[in-house]
Amino acid sequence: MNGWLLAAAVVLTGGLGAALWGVATGPLRRRAVAQNLATVLVGSGLLLLAQGYDRPSYVDLALVLALLGPVGTLVFARLLADDLAADPPRGRAATWATVGVAAATVVAVSAATGPGRTLGKLLVTGALLIGGNLIASRALSGGFGGVRGG
């Protein structure tokens, strides 16, 4: 076992365990935020596993997850807008914590990878993980000011 696999184990068991607990229990607002945060944690875990096992195909899985995860959260936010409006989610600290984990993961894996095509893919994946999480979290907490749903 190397350091990358240990870091992946910490992210996946610690963070994802807490996110799964949040999805399985509690009010709707906590379940919605936990589902969104689980996407970032699994994506970060896949990036760490890709480096630990030297399998670039895991980065492709993280990229697909980074694209589809926030879209799923936005669909939930739209479908559950009436229920979430009465008691909006407040997961600011958890959102920024997972953004920090994702950013640290992308920086560390990018430094280990070095320049090349894989680095570009890592940076795009990291930007999608972080940006998608922030946008989806904002949508869950009540949307963007001045933007009205149809």
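Here are the numbers:
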{"read-out": "Matching option when the condition is under 17 Å from Ala34 (Cα atoms) and modelled with pLDDT of 85 or more, among Ala136, Ala104", "value": "Ala136"}
{"read-out": "Condition check for Ala50: surrounded by fewer than 14 Cβ atoms within 10 Å (Cβ to Cβ), in contact (Cβ under 8 Å) with a residue 24 or more places away in the chain, of a type in the set (A, V, I, L, M) and farther than 19 Å from Gly100 by Cβ", "value": "no"}
{"read-out": "Failed criterion for Leu68 (all others in (1) surrounded by fewer than 22 Cβ atoms within 10 Å (Cβ to Cβ); (2) at pLDDT below 90; (3) of a type outside the set (D, E, K, R) hold)", "value": "(2)"}
{"read-out": "Long-range neighbours under 9 Å by Cβ, at least six apart or interchain, first residue closer than 12 Å to Leu67 by Cβ within the stretch 110-139, second outside any helix (DSSP H, G or I)", "value": "none"}
{"read-out": "Among the candidates Ala24, Ala19, Ala8, residue that is of a type outside the set (Ser, Thr, Tyr) and over 19 Å from Leu129 (Cα atoms)", "value": "Ala24"}
{"read-out": "Answer from Leu79, Leu5, Leu28 - the residue that is open to solvent by less than 40 Å² (accessible area, probe 1.4 Å), out of contact with any Lys or Arg (no Cβ under 6 Å at 6 or more places or on another chain) and without any contact (Cβ under 8 Å) to a residue 60 or more places away in the chain", "value": "Leu5"}
{"read-out": "Helices (runs of 4 or more DSSP H) fully within the stretch 1-119 counting 1 or more residues that are under 18 Å from Ala136 (Cβ atoms) and of a type in the set (Gly, Ala, Ser)", "value": "16-24, 28-53, 57-79, 81-86, 92-113"}
{"read-out": "Given (1) closer than 23 Å to Ala19 by Cβ; (2) loosely packed, with under 12 Cβ neighbours inside 10 Å; (3) of a type in the set (A, V, I, L, M, F, W, C), index of the condition Ala111 fails", "value": "(1)"}
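The values are calculated or read from the model by the stated rules, or taken from the named source; none is laboratory data. Here the structure is a predicted model, which is why all the values come from computation and not from measurement. Backbone-built Cβ (ideal geometry, glycine too); neighbour counts: all protein chains shown. Calculation scope for accessible area: heavy atoms of the full protein, side chains included, ligands and nucleic acids excluded. Shrake-Rupley method; radii C 1.70, N 1.55, O 1.52, S 1.80 Å.
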